[in-house]
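The values are calculated or read from the model by the stated rules, or taken from the named source; none is laboratory data. A quick note: this is a predicted structure, and the numbers were derived from the prediction, not measured. Cβ placement follows ideal geometry from the backbone for every residue including glycine, while neighbour counts extend to all protein chains displayed. Heavy atoms of the whole protein, side chains included, go into the accessibility calculation; ligands, DNA and RNA do not. Shrake-Rupley method; radii C 1.70, N 1.55, O 1.52, S 1.80 Å.
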Amino acid sequence: MMQTISDYLPILIPLFILQLVLLVTAIIHLSKNDRLTQQNKIIWALVIVFINIIGPIIYLVFGRKED
Amino acid sequence: MRGFKAFIIKEIKENTRNYRFFILGIVFAVVGLLSPLSARFLPELLSNMIDENITIILSDPTYIDSWMQFFSNMNQMALVAFVLVFSSILSKEYDKGTLVHMVTKGLPRLTIYYAKFTVMLVSWTFFFWMSFAITLGYTFYYFPEGTTDGLFLSVGSLYLFGILLIALLMSSAAFFSTVFAPLLTVGGFLAVLFILNLFPFIEEWSPLQLASRNTELLIRTNADTALNQSLFVSALLILFFLVIGSIKFRKKALN
């Protein structure tokens, strides 16, 4: 099993980094966004953290509210 | 020409600040990475999940599986994301009335229209071939026995299909003022193509072949008459959408 995982590492690492970049960008934007109420922010934070890839994208497209 | 250049720079700045380029870059890179990974990984995953009492024969994945995944991911994720992200390309400007100033200051409307189209076209070209390059690199890494015969034809036809959808998106953005109408137009266009595909005569001419026959083309490595017809029809449709869109945009109320 270890053998197979290390086999995939060259592709898994960039994938992981991309996800991380997306997540961090969305979280930073969310923390600076003052157009959302506190409750909305918590919900968005959950969406961003727990829905892989799609969550941060949905936030950046629809949740941003024009700045 | 100066107006064209200035408007393109403005568009690029806007799209960068809107996170559009950022999102598309990530989505297309993920598609490029995911395709060889899932081609390689799925058979192993399946064989682990299946009960020992059941035997199914799984052939070893080849480079063709990798490209098959690429085509389906490209159609289902990347192209959808692209159309979604750019669906508000003109509606936002109508909404805020930001085009009015530029037109009254003497920027020709056609310049605006074609500059917006150029920006979409260039970003589609860039992201598409970036994703292609990533898949190509990893496919060679994991499936060294693969060849590149027929690759350009099958990938290039998908690229052209993307341009067709972009031209339709642009022209419907000139016709309708809301965000969702262009989206619905593109979706409706695809639905009509799928329905028309039921008739063999139309299927031979349908642009849908560009997005649905990619894997077959990869194996055949050369174009047949049906594909040539479909390339021809697509090129005509792209021109047609662009021209009627620009005619409409010249007379469009801008706020």
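Hey, which of the helices (runs of 4 or more DSSP H) in the stretch B:1-104, taking only ones fully inside, have at least 2 residues that are buried (at least 20 other Cβ atoms within 10 Å of the Cβ), within 14 Å of chain A (Cβ to nearest Cβ) and aliphatic (A, V, I, L, M)?
B:20-49, B:79-85
Each row is one residue, and each column tells you yes or no for (1) more than 18 Å from the chain's Cα centre (by Cα); (2) open to solvent by 50 Å² or more (accessible area, probe 1.4 Å); (3) touching a residue at least 12 places away in the same chain (Cβ under 8 Å).
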residue	(1), (2), (3)
B:VAL179	yes, yes, yes
B:LEU183	no, no, yes
B:PHE194	no, yes, yes
B:LEU210	no, no, yes
B:ARG213	no, no, yes
B:ILE219	yes, yes, yes
- Which residue, of A:PRO10, A:PRO56, A:PRO14, is farther than 19 Å from B:PHE21 by Cα and either within 12 Å of chain B (Cβ to nearest Cβ) or surrounded by 15 or more Cβ atoms within 10 Å (Cβ to Cβ) (or both)? A:PRO10
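Looking at the stretch B:105-133 only, could you name the residues that are surrounded by 19 or more Cβ atoms within 10 Å (Cβ to Cβ) and of a type in the set (D, E, K, R)?
Of the stretch B:105-133, the ones surrounded by 19 or more Cβ atoms within 10 Å (Cβ to Cβ) are B:111-117, B:119-120, B:123-124, B:127-128, B:131-132.
Listed by number, the list holds a single entry, B:LYS116.
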- Only one of B:SER72, B:SER88 is under 30 Å from B:ARG20 (Cβ atoms), among the small types (Gly, Ala, Ser) and touching a residue at least 60 places away in the same chain (Cβ under 8 Å), namely B:SER88
- For the subset of the stretch A:24-47 comprising residues that are in contact (Cβ under 8 Å) with a residue 12 or more places away in the chain and open to solvent by less than 50 Å² (accessible area, probe 1.4 Å), which member is farthest from B:PRO36 (Cα to Cα)? A:LEU36
- Restricting the search to the stretch B:197-227, which residues are aliphatic (A, V, I, L, M) and within 17 Å of B:LEU165 (Cα to Cα)? B:LEU208, B:LEU210, B:ALA211
- Message: Cβ-Cβ under 7 Å, sequence separation 6+ or interchain: first residue in the stretch B:127-144 and in a helix (DSSP H, G or I), partner of a type in the set (Ser, Thr, Tyr) and open to solvent by 10 Å² or more (accessible area, probe 1.4 Å). Which pairs?
- Response: B:PHE128/B:TYR159; B:THR139/B:TYR63
- Message: Quick check on this structure: which one of B:SER59, B:SER123, B:SER88 is modelled with pLDDT under 90, of a type outside the set (Lys, Arg) and within 17 Å of the chain's Cα centre (by Cα)?
- Response: B:SER88
